[in-house]
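What follows draws every value from the coordinates through simple rules; no lab data is involved. Since this is a predicted model, take the numbers as computed values, not measurements. All Cβ positions, even for glycine, are placed from backbone atoms using ideal geometry, and neighbour counts span all protein chains on display.
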Ligand code: ADP
Ligand code: MG
Ligand code: MG
Ligand code: MG
């Protein structure tokens, strides 16, 4: 295993030449650092024509957006590569391809996806990808089913839970989703216009009880190998393609967490659209988001049910009707986690462009208030919202 050192752009080129497995590796001559995330270095490796051929991603031993005062495990790079490899085994069409990884250097080489676009940016411009939600549902069903106890041997599954133990990254989620926003904490971040709404959330003991239950399930429910950070900024889209990246929060957790995070980011866009686009485009975009949410769930549940009917290996879990019963619980979990994503992205440490780039202050605050209200409604009403149609009705009523 190589000793860790931070790669320069020149090192990244050299590394890609040696390990990307390209037959014309000598044509790689330049690197461009494009990391826009909170945590890591990301280099595009370019050939003489300036075409990006592969991507080199390296973890830093601290949180990039905060600095060396917040150290963070390098093991997340191994977890990310191994999660993507596991997901790629079951859903290669929608998982970024890992060409090479090295745990000691906390580095990974991936296929280049520069011809595609990050879904969050496209959604902010009102661009519609009619296949994307269904493809994301397909990714979630295939990866989560095949890493669950429906499919894995119980011994293998328990070993995998250990291999993907990701305590430091999980703690970030545990704190940022379920703890910080519900009390006063330095990492929370919101404008004074939200003070009253935040005070009301933080003094709502019924809400905090429901959030405690969601956090407890996140801590204990090892149902499947989650992506763990499946927001619209971790998803590349093109007209007929979708690819997921950035799986460093991977761990065995509740399936509803991935589903809820994905739906939550579509709803954050729904909340921000009136501040991002003119009224007719915003109204169209909102209808498309609701359709996306319905299609995501339908694709996920439909594929999961089919896989369960055909490929369940555990004889008891194969009992007729059990997959449907299980999916009902996943749905309820997903609604709750979706609510926590809306709230933490509005008042916690890590915000989203869908809300924060709304330039008019009054409109921005209106969108943020909407996200908080919808988030609270979802957490409190999750057990009573029976299906996607009922969810649509609640959202249309304004949350
Ligand atoms: P982080 O974990 O730091 O958030 P990401 O894996 O999300 O890092 O990558 C950050 C950015 O780098 C992405 O938003 C995207 O713009 C770019 N990027 C990452 N992977 C690829 C790829 N395979 N192809 C092209 N661009 C990529
Ligand atoms: Mg990222
Ligand atoms: Mg980009
Ligand atoms: Mg990341």
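Some points to look at:
- Within region 187-209: backbone nitrogen closer than 15 Å to the residue 69 label point (7 Å, Cα to C-beta): 187-188
- Expressed as a fraction of 2.2 N^0.38 Å, the value expected for a compact globular protein of N residues, the C-alpha radius of gyration of region 235-327 is 1.37.
- Extension gain, residue 85 to residue 205, is 39.0 nm, computed as 0.36 nm per intervening residue step minus the present C-alpha separation.
- Placing a label point 7 Å from the Cα of residue 314 along the Cα-to-Cβ direction, the residues of region 161-185 with a backbone N closer than 20 Å are 161-165.
- Computed from the C-beta positions of residue 220 and residue 360 and an R0 of 51 Å, the FRET efficiency is 0.75 to the nearest 0.05.
- For region 285-307 versus region 340-397, the gap between their alpha-carbon centres in whole angstrom: 19
- Here the sum of -39500 (n - 2.57) over DSSP H runs of 4 or more residues, divided by the residues of the chain, equals -17000 deg cm²/dmol at 222 nm, to the nearest 500.
- The chain: most fluctuating residue of 352, 34, 107 per GNM, C-alpha cutoff 10 Å: 34
- With the gyration tensor restricted to C-alpha atoms of region 1-158, the semi-axes of the equivalent ellipsoid amount to 27, 22, 18 Å, longest first.
- Potential extension, residue 386-residue 168 segment - 0.36 nm per residue separation minus Cα distance: 75.0 nm
- Most mobile listed residue (229, 180, 386) in the chain, GNM with C-alpha springs under 10 Å: 386
- In terms of overall dimensions, the chain has a Cα radius of gyration and Dmax of 20.8, 62 angstrom.
- FRET efficiency estimate (nearest 0.05) - Cβ-Cβ, residue 322 to residue 3, R0 30 angstrom: 0.05
- Rounded FRET efficiency, nearest 0.05, which uses the C-beta distance separating residue 29 from residue 158 and R0 of 45 Å: 0.45
- Region 66-107 and region 189-254 have Cα centres spaced 20 Å apart.
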